[in-house]
1. Only one residue in F127, F135, F152 is within 15 Å of the ligand (Cβ to nearest atom), out of contact with any Ser or Thr (no Cβ under 7 Å at 6 or more places or on another chain) and hydrophobic (A, V, I, L, M, F, W, C). Which one?
2. When you go through (1) among the aliphatic types (A, V, I, L, M); (2) at pLDDT 95 or above; (3) more than 16 Å from the ligand (Cβ to nearest atom) one by one for I95, which number turns out not to apply?
3. Among the listed residues E107, E66, which satisfies the condition of being free of Cβ contacts under 8 Å to residues at least 40 places away in the same chain, out of contact with any strand residue (DSSP E or B) (no Cβ under 8 Å at 6 or more places or on another chain) and farther than 23 Å from E7 by Cβ?
4. Before we move on, is R157 touching a residue at least 40 places away in the same chain (Cβ under 8 Å), in contact with a helix residue (DSSP H, G or I) (Cβ under 8 Å, 6 or more places away or on another chain) and not in a helix (DSSP H, G or I)?
5. Just to confirm my filter: which helices (runs of 4 or more DSSP H) fall fully inside segment 6-66 and include at least 1 residues that are surrounded by 15 or more Cβ atoms within 10 Å (Cβ to Cβ) and basic (K, R)?
6. Determine which single condition T93 fails, assuming it passes every other condition in (1) part of a helix (DSSP H, G or I); (2) in contact (Cβ under 8 Å) with a residue 24 or more places away in the chain; (3) within 30 Å of G33 (Cα to Cα).
7. Filter segment 105-124 down to residues that are of a type in the set (F, W, Y) and not in a helix (DSSP H, G or I) and give me whichever is farthest from the ligand (Cβ to nearest atom).
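The values are calculated or read from the model by the stated rules, or taken from the named source; none is laboratory data. This is a predicted model, so every value here is computed, not measured. Glycine also receives a Cβ, built like all others from the backbone with ideal geometry; neighbour counts cover every protein chain displayed.
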Amino acid sequence: MVVVDKESSLKIVGMIGGEEAVKIVGLLLDKPGLTDEDVSSMTSLDIKDVRRVLHRLNEVGAVSYEVHRDKETGHRIFRWRVQQEQLVGYAKTLIRKVLERLKARLEYESSNQMYWCGTPGCGKYGFEAAMELLFRCKTCGKPLTIYDNTAFIENLRNKIAELEKLA
Ligand SMILES: [Zn+2]
């Protein structure tokens, strides 16, 4: 069983649902089993926003609810709690997606000679794209020359290694 502290849980929640979600989950971590009405009055967020965020978090398994029936009114009451383990699972899925993208980029950068005009902010081109442009930058018009991407590749490798520790 993976135990995640409150701080990292909230970071993950922020990625999924933004600031409102961080408020709501922060509260539910301290007081599990609150209803949407409780959450709304304690965070002063609109009840509609609270429900929207809770359902979104529920879709990714980050929170769960139990349905109770109000003895007086007979209405259904939802009591919410945070699923910290599922949160970790979700975070790992996100990390794996980022890793895939970085690895594809690394593969591309390592197997393609890149061309660049030297102007900061202008894009880099693969050989075919550079040839089509007759080795002139599309943005600033300066000549494109071979770009040494060793440092960039090294940077990518480090990022990948870092994320692989978390995945
Ligand atoms: Zn340029």
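1. F135
2. For I95, the exception is condition (2).
3. E107
4. no
5. Answer list for segment 6-66: 6-30, 47-59.
6. (2)
7. Filtering segment 105-124 for residues that are of a type in the set (F, W, Y) and not in a helix (DSSP H, G or I), the one farthest from the ligand (Cβ to nearest atom) comes out as Y115.
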